[in-house]
1. Ignoring any ligand, DNA or RNA, what whole percent of the accessible area of the chain comes from carbon and sulfur when the probe is 1.4 angstrom?
2. So what J values fall out for the stretch 78-86 if you push phi through Karplus, 6.51 cos²θ - 1.76 cosθ + 1.60 with θ = phi - 60°, rounded to Hz, Gly and Pro as x?
3. With a probe of 1.4 Å, find how much accessible area the chain has per residue, and write the answer as a whole number in Å².
4. Which one of ALA7, PHE49, VAL88 is farthest out on the positive end of the charge dipole of the chain, using unit charges on Cβ (Lys, Arg +1; Asp, Glu -1) and the Cα centre as origin?
5. Per residue of the stretch 9-26, in order, report the coupling 6.51 cos²θ - 1.76 cosθ + 1.60 (Karplus, θ = phi - 60°) as ³J(HN,Hα) in whole Hz, putting x for Gly and Pro.
6. Nearest 10 degrees, 0 to 90: what angle lies between the long axis of helix 43-59 and the longest principal axis of the chain (Cα atoms)?
7. Working only with C-alpha atoms, what are the Rg and Dmax values of the chain, expressed in angstrom?
8. Counting each DSSP H run of 4 or more residues in the chain as -39500 (n - 2.57), what helix-only mean residue ellipticity at 222 nm follows after dividing by all residues, to the nearest 500 deg cm²/dmol?
Amino acid sequence: MSTQQIALFVAAGVSIWVYMDAKKNNYSTPMSIGWMLGVFMLMIVFLPFYLIVKAKRAKHPVMSTACEHCSKVYFGSPNYCPHCGYLVRKV
Ligand SMILES: [Zn+2]
C-alpha cells in the first residue's frame, strides 16, 4: 500500500464517521453529505470546523420548555404542546 492509498483510506474512514456522526446529531441527509464531502476533500479545514460546531451544539442541546397550560416539558419549538395541544408558539 502506498502512502497516497493510506491517506485516501483514512480520509474515507473519517468522512464516513463524520457522516454518521452528523446524522446522529440531527443534521439532515444533504447537510450530512455536505459535511462528509467537505471532510473528504479538505479534511484539514472541515474536520476541525465540524468538531467546533459539534461542541457548540452539544453546549446548546435541543431546548426544552414547560408548557404554560399543562406544565409538562416538551422539546424543540413546536407550534402546539405535544401533551395537551395548547398553542405554545407565539406568532
Ligand atoms: Zn401542554
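The values are calculated or read from the model by the stated rules, or taken from the named source; none is laboratory data. The structure displayed is predicted, hence computed values, not measured ones. Because the Cβ atoms are built from the backbone with ideal geometry, glycine has one as well, and the counts that use them run over all protein chains shown. Accessible surface areas use protein heavy atoms only, side chains included; no ligands, DNA or RNA. Shrake-Rupley method; radii C 1.70, N 1.55, O 1.52, S 1.80 Å.
1. About 68 percent, which is the carbon plus sulfur part of the accessible surface.
2. So the Karplus estimates, Gly and Pro as x, are x, 6, 10, 4, x, 8, 10, x, 5 Hz.
3. 75 Å²
4. It is VAL88.
5. 4, 5, 4, 5, x, 5, 4, 5, 4, 4, 4, 5, 5, 5, 4, 5, 8, 6
6. 20 degrees
7. 19.2, 65
8. Rounded to the nearest 500, it is -19000 deg cm²/dmol.
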